[in-house]
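The values are calculated or read from the model by the stated rules, or taken from the named source; none is laboratory data. These figures come from a predicted structure and were not determined experimentally. Here Cβ is always computed from backbone atoms with ideal geometry, including for glycine, and neighbour counts include all displayed protein chains. In case anyone asks, the SASA skips ligands and DNA or RNA and just uses the protein heavy atoms, side chains included. Shrake-Rupley method; radii C 1.70, N 1.55, O 1.52, S 1.80 Å.
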Amino acid sequence: MDQAVFESIRYSAGCQDCGAESECWGVQALVHGSLRWDTESRCSACGFAMADCGGDLPSELRIRLLSERGPARLQVDPSARNAAIMRVLRAELGIGLVEVKTLLREVLAGAHLGTMPEMEFLARKLRASGVDAVAARP
């Protein structure tokens with residue numbers, strides 16, 4: 001069984017109850033083959049606390065996560081069949097043929113970057129399809 005892969009950040013947001021600044025924690029995780037975004041927040045002004053599990057990582061927090069933790073790179077065996085890689089990328093990312101050709105060039109050049117959970121998600125899908133792939137920090 002594959003282990004969970006996760007990265008977390010701490011940030012502030014307005015309290016849903018009183019509007020004061022709340023302390024928040026967010027975790028992007030790859031758990032049981034799925035990417036998820038879980039958050040917790042607690043307001044020191046009114047005591048309101050909330051947890052939200054299984055959402056999508058907001059783009060502004062993804063940028064911050066990449067900035068704070070650093071990007072990971074998807075690496076594939078250069079002798080792998082391009083069609084196998086493209087099939088996985090199209091299926092998992094929901095992109096068209098033109099976009100997947102561009103992405104394939106990035107992947108083969110070692111230039112496709114993302115969060116560690118995102119890159120490990122793709123690496124696991126590729127390995128399941130017979131493509132030697134790893135997620136690694138540059």
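Looking at ILE85 and the list (1) touching a Ser or Thr at 6+ places or on another chain (Cβ under 9 Å); (2) surrounded by fewer than 20 Cβ atoms within 10 Å (Cβ to Cβ), which single condition is not satisfied?
Just one mismatch for ILE85, condition (2).
Anything in the stretch 53-81 that is assigned to a helix (DSSP H, G or I) and touching a helix residue (DSSP H, G or I) at 6+ places or on another chain (Cβ under 6 Å)? List them, or say none.
none
Quick one: how many residues across the stretch 124-138 are surrounded by fewer than 16 Cβ atoms within 10 Å (Cβ to Cβ), in a helix (DSSP H, G or I) and touching a strand residue (DSSP E or B) at 6+ places or on another chain (Cβ under 7 Å)?
Qualifying residue count, the stretch 124-138: 1.
Looking for whichever is at pLDDT 95 or above and more than 16 Å from LEU113 (Cα to Cα) here; the options are ILE63, ILE9. Which one fits?
Residue meeting the stated conditions: ILE9.
Between a residue in the stretch 116-138 that is closer than 15 Å to ASP77 by Cβ and modelled with pLDDT of 95 or more and any residue that is open to solvent by less than 40 Å² (accessible area, probe 1.4 Å) and in a loop (DSSP other than H, G, I, E, B), which pairs come within a Cβ distance under 6 Å, given they are 6 or more apart or on different chains?
Short answer, once both residue conditions are applied: VAL131/ALA80.
Considering only residues that are free of Cβ contacts under 8 Å to residues at least 12 places away in the same chain and assigned to a loop (DSSP other than H, G, I, E, B), which ones fall in the stretch 1-27?
MET1, GLN3, GLY19 - these are the residues of the stretch 1-27 that are free of Cβ contacts under 8 Å to residues at least 12 places away in the same chain and assigned to a loop (DSSP other than H, G, I, E, B).
If the requirement is being under 18 Å from the mean Cα position of the chain (by Cα), aliphatic (A, V, I, L, M), closer than 24 Å to ALA4 by Cα and open to solvent by less than 70 Å² (accessible area, probe 1.4 Å), which of these qualifies: LEU65, LEU103?
Checking each option against the conditions leaves just LEU65.
Considering only the stretch 82-123, state which residues are small (Gly, Ala, Ser) and assigned to a loop (DSSP other than H, G, I, E, B).
GLY94, GLY96, ALA109, GLY110, ALA111
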